Amino acid sequence: MDEAALIQAACQGDLDAYNRLVLVYQDIVYSQAYRMIGEAEAAEDAAQDAFISAFRHLSGYRGGSFKAWLLRIVTNACYDELRRRKRRPTTPLEPLDDDEEEVESPRWIADPGESPEQAAERAELAQALQHCLDDLPDDFRAVVVLVDVQGMDYEEVSHTMGKPLGTVKSSLARAR
């Protein structure tokens with residue numbers, strides 16, 4: 001894949017070229033959104049909004065790392081969603097069984113490929129990790145997700161976040 005050629009074609013209105021870019025980056029963009037927000041549906045929405053926004057503002061792309069530019073857009077979309085949630089908090093609706101008691105593990109959540117113990121351990125670990133991420137300030141969370149989850153190097157994160165390299169390193173150290 002020649003990323004520069006695809007970007008050039010997409011800037012000229014070639015939707016197929018942009019769709020190929022979306023296919024390349026959709027997993028990493030979704031992963032970033034999920035780690036920032038912590039909910040699959042909201043992450044899907046944020047990723048979709050980021051790709052739409054990137055397409056609309058592709059003419060504003062000034063070169064450099066397209067991946068970093070795209071991840072900055074999705075990070076901003078996540079910040080917007082997190083701010084919206086603070087303004088309008090919601091209460092999740094948990095399923096109830098026949099006795100009107102809350103169901104802890106509905107059957108549609110269970111993974112048929114793993115045992116209940118494995119699923120519980122995995123879910124507990126994921127919840128603990130997400131809880132730790134949720135407790136971090138937004139900037140620290142973004143740095144941890146970009147470096148430790150997405151595997152980006154410090155310079156890419158610095159470019160993505162628009163912060164000096166030293167700030168990225170110190171933020172990561174404090175977040176960890």
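The values are calculated or read from the model by the stated rules, or taken from the named source; none is laboratory data. Here the structure is a predicted model, which means the values were calculated and not measured. As a convention, Cβ positions derive from the backbone with ideal geometry for all residues, glycine included, and neighbour counts pool all protein chains shown. Accessible surface is based on the protein model in full, side chains and every heavy atom, while ligands, DNA and RNA are left aside. Shrake-Rupley method; radii C 1.70, N 1.55, O 1.52, S 1.80 Å.
Spacing of the modelled spin labels on S59 and A5, each 7 Å from Cα toward Cβ, amounts to 2.5 nm.
Taking only protein heavy atoms into account and a 1.4 Å probe, give the accessible area per residue of the range 8-79 in Å². Before the final figure, lay out each step's value.
Values: 3650 Å² over 72 residues.
Result: 51 Å² per residue.
Kirkwood radius, the chain, all distinct C-alpha pairs, inverse of mean reciprocal distance: 18.1 Å.
The 1.4 Å probe gives accessible areas that order R62, R20, largest first, as R62, R20.
Think of a 1.4 Å ball rolled over the protein heavy atoms: the range 126-176 then has 54 Å² of accessible area per residue.
Assuming 0.890 mPa s and 25 °C, estimate D for the range 1-82 with Stokes-Einstein, Rh taken as the Kirkwood radius over Cα pairs, in µm²/s. Provide the component values of the computation, followed by the final result.
Working: Rh = 12.6 Å.
Translational diffusion coefficient: 194 µm²/s.
Using a 1.4 angstrom probe on the protein heavy atoms only, line up R141, R174 by accessible area, largest first. Please list the in-between numbers first.
Working: R141 15, R174 175 Å².
Largest accessible area first, the list is R174, R141.
Sites count as exposed loop sites when they are GluC sites (Glu not before Pro), lie in a DSSP loop, and have at most 16 other Cβ atoms within 10 angstrom; the longest stretch of the chain without one is 115-176.
Can you give me the % of accessible surface on the chain that is carbon or sulfur? Probe 1.4 Å, all protein chains present, nothing else counted. Provide the component values of the computation, followed by the final result.
Working: 5630 of 11480 Å².
The value for the chain is 49 percent carbon and sulfur by accessible area.
Which whole DSSP H helices in the chain pass both tests: a Cα extent of 27 Å or more along the axis and a mean Kyte-Doolittle value no lower than -0.5? In the chain, the long hydrophobic H runs are 15-37.
Rounded to whole Å, the principal axis extents of the Cα atoms in the range 32-73 read 32, 17, 8, largest first.
For the chain, modelled as a GNM whose springs connect Cα atoms under 10 angstrom apart, the maximal fluctuation among A46, A142, A17 occurs at A17.
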